[in-house]
Amino acid sequence: EQCDDGIDNTGEYNACNDDCTLGPFCGDGQVSGTETCDIAGDSVDASGNTIYACIDCKDAPRCGDGIVQTEWGEECDGSAGADDQPCTSECRFEGICGDAILNTAAGEQCDYGLEGNDGSYGGCTPGCLFSPRCGDGVVQTDEGEECDAGDGLNTGGYGECDLDCTFGPYCGDEEVQEIYEDCDEGYDTDTNDGAWPDICTNQCKGVTPPE
């Protein structure tokens, strides 16, 4: 026998069956009676952490229960906010610039939160658009940029702009790039240095003048 309630062996919830075995109860792994959930055994996982999905066979507070739990970071739960702002499946309002949640559907390019959207170089504006940055195709010399070809174009190849918006190897940098150049005397080209090539052109090609 697992139990014996005498004439009360009715087999109802939390009662004993007529064969003296346990009837339905919270913790038997079967949802019954007024239960909305039932986890058999201890309410801890393999690491010993408490499982909060089901408490006393009732669903624990969660996103989707229709109750806004602000202490868990919820802004909404199934209902729209001001100006019909939709509530996301994460129980956050959608489309609020400054909430630190990127919402590209609302036209946001970035969102670092109200304090982070300060318009600083390489950051995000208060309107959730990219601030001036390396890669926007505009040379910000006051930020140390030497060049800016735009997103995906700053490859750092010969005669091109590098990823950090500084010049890659180029004719005029006083470094001979042997694959592309015969010589490189800097910006002051077309000068005779007395050795071959006697003249370095402004394409960094060497020529020897006729005798």
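The values are calculated or read from the model by the stated rules, or taken from the named source; none is laboratory data. As the structure is a prediction and not an experimental result, all values here were calculated from the model. Reconstructed Cβ throughout: ideal geometry from the backbone, glycine too, with neighbour counts over all protein chains shown. We work out accessible area using only protein heavy atoms, side chains counted, and drop any ligands, DNA or RNA first. Shrake-Rupley method; radii C 1.70, N 1.55, O 1.52, S 1.80 Å.
Structure summary
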read-out	value
Residues that are open to solvent by less than 50 Å² (accessible area, probe 1.4 Å), under 23 Å from ALA106 (Cβ atoms) and at pLDDT 70 or above, drawn from the stretch 48-84	GLY73, GLU74, CYS76, ASP77
Positions within the stretch 124-138 being more than 15 Å from GLN109 (Cα to Cα) and open to solvent by 70 Å² or more (accessible area, probe 1.4 Å), in sequence order	VAL138
Filtered residues of the stretch 159-169 (kept if surrounded by fewer than 18 Cβ atoms within 10 Å (Cβ to Cβ) and either in contact (Cβ under 8 Å) with a residue 24 or more places away in the chain or in a loop (DSSP other than H, G, I, E, B) (or both))	GLY159, GLU160, ASP162, LEU163, ASP164, THR166
Among (1) in contact with a Gly (Cβ under 7 Å, 6 or more places away or on another chain); (2) of a type outside the set (A, V, I, L, M, F, W, C); (3) closer than 30 Å to ILE39 by Cβ - the single one PRO61 does not satisfy	(1)
Unique match (being open to solvent by 50 Å² or more (accessible area, probe 1.4 Å), farther than 24 Å from ASN202 by Cα and either free of Cβ contacts under 8 Å to residues at least 12 places away in the same chain or out of contact with any Cys (no Cβ under 8 Å at 6 or more places or on another chain) (or both)) among ASP99, ASP142	ASP142
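Quick grid of which residues meet (1) in a loop (DSSP other than H, G, I, E, B); (2) more than 30 Å from GLY95 (Cα to Cα); (3) modelled with pLDDT of 90 or more; (4) open to solvent by less than 90 Å² (accessible area, probe 1.4 Å):
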| residue | (1), (2), (3), (4) |
| --- | --- |
| GLY119 | yes, no, yes, yes |
| ASN154 | yes, yes, no, yes |
| CYS183 | yes, yes, no, yes |
| PRO210 | yes, yes, no, no |
